[in-house]
Amino acid sequence: MNKEEYLYKLSETLKSIPESEKQDILYDYNEYFENGALEGRSEEEISKSLGNPEQVLESFDFEKPKNVFSKKLVACSALVMFNILFIIGPLACVLLFLLILFTGSVAVTVAGSMMVLEPVFQLVIPHYFIFEPFVKLLIPQFEIIPASGIVYALVGIITAASGIATMILSAYFAKLFHNGVLWYLKLNLDIVNG
């Protein structure tokens, strides 16, 4: 293959790279042909020694022009809009539910513990009932039954146990929620980074 054919094939092979780099490479290969001619070598010998022009592209490490910043900006903007419209609302609802569940479980545990202590209060202060003011508000005819302390203690143990179980369950759901949010944030970063 002569010089013109070789440089033409090389030029066609280098179409995908920036023009300035393409011209530099073509200039260098043109010099190889000129130097070889000065040494008395034929164009066919020189082109054979330079190798296949279609493989030249593989021997160079080109940075192909990319508009990375604008792609990331578009991806980021789209994700922000999607997250605002579809993710933040449900996320806030789940977070609020977990907060209410945990707060409720603490309240039930405290109430159950107070009911367990009810018989002790009845021994110290006869006819004392912790929740009497609240119950009287709801049921004005309410009267304290002296033997009911044991019942209150049993109900208190069950109530406190259910409150503790709900607290453990809410902590487990909070951990799942946390892992889910971290996974979703990582997914967003992967999308932005391509």
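Can you tell me the length gained on complete extension of the stretch Met1 to Lys175, counting 0.36 nm per residue apart and subtracting the Cα distance? Working shown, then result.
Details: separation 174, 0.36 × 174 = 62.64 nm, distance 6.94 nm.
So the extension gain works out to 55.7 nm.
So what are the ³J(HN,Hα) numbers for segment 17-29, from phi and the Karplus equation (6.51, -1.76, 1.60; θ = phi - 60°), rounded to whole Hz, Gly and Pro as x?
Per-residue couplings from phi come out as 9, x, 4, 5, 5, 4, 5, 4, 5, 4, 4, 4, 5 Hz.
What pairs from Lys22/Lys71; Lys15/Lys72; Lys22/Lys48 go past 23 Å between their alpha carbons? Before the final figure, lay out each step's value.
Numbers: Lys22/Lys71 26 Å; Lys15/Lys72 26 Å; Lys22/Lys48 21 Å.
Result: Lys22/Lys71; Lys15/Lys72 exceed 23 Å.
Hey, got a sec? Which chymotrypsin sites (Phe, Trp or Tyr not before Pro) in segment 1-61 land in a DSSP loop and have at most 16 other Cβ atoms within 10 Å?
Numbers: sites: Tyr6, Tyr8, Tyr27, Tyr29, Tyr32, Phe33, Phe60; in loops: Phe60.
Those satisfying the criteria are Phe60.
Modelled label-to-label distance, Ala92 and Lys186, 7 Å Cα→beta-carbon offset: nm?
The modelled label-to-label distance comes out at 2.8 nm.
Show the residues, 5+ positions off or on another chain, whose built amide H is closer than 5 Å to the amide H of Ile17.
Amide H neighbours of Ile17: none.
Computed from the coordinates by the stated procedures, all read-outs in this text should not be read as laboratory data. On a predicted model such as this, the values are computed, not experimentally measured, just so you know. Quick reminder, even Gly has a Cβ in these numbers, built from the backbone with ideal geometry, and neighbours come from all protein chains shown.
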